[in-house]
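Nothing in this text is a laboratory measurement; each read-out follows from the coordinates by a stated rule. These numbers come from a predicted model, not from an experiment. FYI the Cβ positions are ideal-geometry reconstructions off the backbone, even for glycines, and counts take in every protein chain you see.
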């Protein structure tokens, strides 16, 4: 059997932890209180998926590489699923209202609907809905 991790932790450097927590709270995410201090927080994406938001100085203690300025270049796109096309729109609109930036226009094809945004630090987030039996509700744009 191939390796299967029980959980996934994505680590992202942030310039201002408090502002990042406020931003993602407006999108509807919760944070693990026992894994939060002034240097980092653990954002709960699902039961087994977490995003660690680490202050840049703290993040640097985990790598000898230079940090990428996510507002100028991209190393990763964090993609998350939503239950419906309307949920995709709701999440991205909340991100834009909370100070995020649009990354791309919504993309719609027969297999999925997706829309992306940049968080306060420029990290790319893609929100997608993949309908069962390829039957997207196109009425909720």
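From the list 68, 61, pick out the single residue that is assigned to a loop (DSSP other than H, G, I, E, B), without any contact (Cβ under 8 Å) to a residue 40 or more places away in the chain and farther than 23 Å from residue 97 by Cα.
Values: 61 fails: assigned to a loop (DSSP other than H, G, I, E, B).
Answer to the check: 68.
From the list 126, 75, pick out the single residue that is in a loop (DSSP other than H, G, I, E, B), within 15 Å of the chain's Cα centre (by Cα) and within 26 Å of residue 6 (Cα to Cα). Before the answer, list the steps.
Values: 126 fails: in a loop (DSSP other than H, G, I, E, B).
Every option except 75 fails the conditions.
Given the condition in contact with a helix residue (DSSP H, G or I) (Cβ under 8 Å, 6 or more places away or on another chain), over 19 Å from residue 128 (Cβ atoms) and surrounded by 13 or more Cβ atoms within 10 Å (Cβ to Cβ), answer yes or no: does some residue in the range 55-77 qualify? Yes, the range 55-77 contains at least one residue that is in contact with a helix residue (DSSP H, G or I) (Cβ under 8 Å, 6 or more places away or on another chain), over 19 Å from residue 128 (Cβ atoms) and surrounded by 13 or more Cβ atoms within 10 Å (Cβ to Cβ). Here residue 103 meets the list (1) closer than 16 Å to residue 17 by Cβ; (2) more than 12 Å from the chain's Cα centre (by Cα); (3) surrounded by 15 or more Cβ atoms within 10 Å (Cβ to Cβ) almost entirely, failing just condition (1). All of 81, 20 fail the test of being farther than 22 Å from residue 114 by Cβ, touching a residue at least 12 places away in the same chain (Cβ under 8 Å) and under 13 Å from the mean Cα position of the chain (by Cα), apart from 20.
Residue-wise test of (1) without any contact (Cβ under 8 Å) to a residue 12 or more places away in the chain; (2) exposed (fewer than 14 other Cβ atoms within 10 Å of the Cβ); (3) within 23 Å of residue 66 (Cα to Cα); (4) in contact with a strand residue (DSSP E or B) (Cβ under 8 Å, 6 or more places away or on another chain).
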| site | (1), (2), (3), (4) |
| --- | --- |
| 2 | yes, yes, no, no |
| 6 | no, yes, no, no |
| 27 | no, no, no, no |
| 33 | yes, yes, no, no |
| 37 | yes, yes, no, no |
| 41 | no, no, yes, yes |
